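Structure first, commentary second.
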Amino acid sequence: MGEVKMTLPFTRMPSPFQSLPVPAPDPIFAIMTEAVAAGTKAINCTIGVVMDEDGQTTLLPSVQRAINDVMEDLKHQRFGYPPLLGVPAFRSSVERLIFGEKHPYTVASIASTGGTGALAINLRLMAMLLQSKRILLPSPAWANHPPPCVAAGLAVIEVPYLENSIPTVQPLIEQLKKEKGDVGLLLQAGSHNPTGIDLENEQWADLVRAIKEKGNCIVLLDCAYQGLKHGVEKDVAMVHLFLRENIPTLVTWSAAKNHSIYALRPGLACAVVPDATTKSSVEGHYSRITRSIHSASSTVGQLVVARVQEHYKEEWLDDLKQVRTTLARKRKAMIELIPATCKAALRGFGMFAMLPLTQEQILRLKNEHNVFMTLDGRINIAGIPDARIGEFCAKVRKVVGS
Ligand SMILES: Cc1ncc(COP(=O)(O)O)c(C=O)c1O
């Protein structure tokens, strides 16, 4: 047998794919990849994951038990298509977490692929409702907030959120007054990403007043960190504040951080609606939206969350308390050791703080000291082991020169 030569049957034509501009990499995933490649000498404060002392993703004991149960169940299952809206027990247990055990609201909901999928779905619903196709976004915002807004066809109007590391609501209120028609607002319910610094209660109250005065607003509350600030009930206080005032409100929710199941991707998109007829209509739209993206979301993560909430809730609340205690301890230790110019940035809650470092200092931290963070100075405090906080702060002191 002679050698078979593979020849192309036609001259290679230019491919339309080659005309695509090369996109910028995702700022968070790109630096995370660099940190992981640098190995154990790296201090990886890039992506928002709660890690243990060895740099491994934390697995909450309550969630581990639920995963064991679900895995056992799956051995005896067949895998037909799930409902487009997701696993009913998941949706109802997350609705109870967000709105309260015996809440009075009528809620339309759909399970999503992560909190990001919930954003994509709710932003598309918002775009169907807004004539203006405009959404206000306090900035700095999570790096992945503008892209799904734009993908939904909304123009993003960024409004300053911080003045010298202190949150301000005034620019948002001013912008609301300027908006002529209807408008959307994308707000974070707590443990703000990337700053860790949330609005104070009076500021929330001022904002709610301004929204009511303007009328014609739809608010989307992004709730990706429920339980990481003060506790699961307190961390959704803003949701109730908006609903008490009858402001049209959408909520997006993620189980990534509070169940520590980033890879399983369960999330929920909800809308609080006036009655059962509207609920059915909104859920119909949710179903059509998800069908047009990727049909139903994967159900394994949903089953895990439902199992945690139905069988291991008390244990899970204790696990979350432990996460909060760890975060508070790390912040305290850092505040003592970090240069004076960075202390105010660390006084927030949740996983993140945004250090006032220059890009040059951030690059020196990476290139000379193996400390990895995004170029805006955001650090994931939950990614720095206790044993390396001293080392981290000493390295920051070196580049800051104090
Ligand atoms: C503010 C905010 N919203 C939504 C999400 C999305 O979460 P998920 O990983 O479930 O898509 C994140 C994740 O980092 C986030 O920080």
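Positive-end ranking of LEU123, GLY284, VAL308 along the dipole of region 81-311, with charges on Cβ about the Cα centre, is headed by GLY284. Between LYS178 and GLN359, residue separation times 0.36 nm minus the direct Cα-Cα distance comes to 61.8 nm. Between ASP26 and ALA89, the simple spin-label model (points 7 angstrom out along Cα→Cβ) gives 3.0 nm.
Legend: residue pairs LYS41/LYS343; LYS133/LYS257; LYS41/LYS332; LYS177/LYS257; LYS212/LYS279, Cα-Cα distance threshold 27 Å; pairs beyond threshold, LYS133/LYS257; LYS177/LYS257. Sorting the segments 296-302, 36-42, 360-366 by their residues' average number of neighbouring beta-carbon atoms within 10 angstrom, most packed first, yields 296-302, 360-366, 36-42.
Report, in deg cm²/dmol and to the nearest 500, the calculated mean residue ellipticity at 222 nm for the chain, where each DSSP H run with n ≥ 4 adds -39500 (n - 2.57) and the sum is divided by the residue count. Could the numbers behind the result be given before it?
Working: 14 runs with 172 residues, N = 402.
It lands at -13500 deg cm²/dmol.
Taking chymotrypsin sites (Phe, Trp or Tyr not before Pro) as exposed when their DSSP state is a loop state and no more than 15 other Cβ atoms lie within 10 Å, the longest site-free interval of the chain runs over 80-402. Working from label points 7 Å from Cα in the Cα-to-Cβ sense, the GLN322 to SER295 distance is 3.9 nm.
The stretch between GLU315 and GLN64, if pulled fully straight at 0.36 nm per residue, gains 89.3 nm over its current Cα-Cα span.
Roughly how many percent of the accessible protein surface of region 165-265 is carbon and sulfur, given a 1.4 Å probe and a whole-percent answer? Roughly 49 percent of what the probe reaches on region 165-265 is carbon or sulfur.
Among residues other than GLY401 with Cβ under 14 Å from its Cβ, the summed charge is +2 (Lys and Arg +1, Asp and Glu -1).
Counting only residues at least eight positions apart within a chain, or on another chain, the lysines with an alpha carbon under 25 Å from that of LYS75 are LYS313.
R0 = 56 Å: FRET efficiency of LYS332 with THR277, Cβ-based, nearest 0.05? Efficiency for this residue pair is about 0.65. Please find the FRET efficiency linking ALA394 to GLU200, where r is the Cβ-Cβ separation and R0 is fixed at 30 Å, and quote it to the nearest 0.05. Efficiency computed from Cβ-Cβ geometry: 0.35. Sequentially through region 89-103, phi angles give Karplus couplings (6.51, -1.76, 1.60; θ = phi - 60°) of 5, 5, 4, 6, 5, 6, 4, 5, 5, 6, 9, x, 4, 10, 6 Hz, Gly and Pro residues having no value and appearing as x.
Could you please report the charge total around THR290, scoring K, R as +1 and D, E as -1 over all other residues with beta-carbon less than 15 angstrom from its beta-carbon? Net local charge, THR290 excluded: +4. A Förster radius of 51 Å combined with the Cβ-Cβ distance from THR40 to ARG209 puts the calculated FRET efficiency at roughly 0.50. Please report the net charge: other residues with Cβ closer than 14 Å to the Cβ of GLY267, K and R +1, D and E -1. Local charge sum for GLY267: +1.
The values are calculated or read from the model by the stated rules, or taken from the named source; none is laboratory data. On a predicted model such as this, the values are computed, not experimentally measured, just so you know. Here the Cβ is made from the backbone with ideal geometry for all residues, glycine too, and neighbour counts use every protein chain on show. Each accessible area value is taken on the protein alone, full model and side chains, heavy atoms only, with ligands, DNA and RNA left out. Shrake-Rupley method; radii C 1.70, N 1.55, O 1.52, S 1.80 Å.
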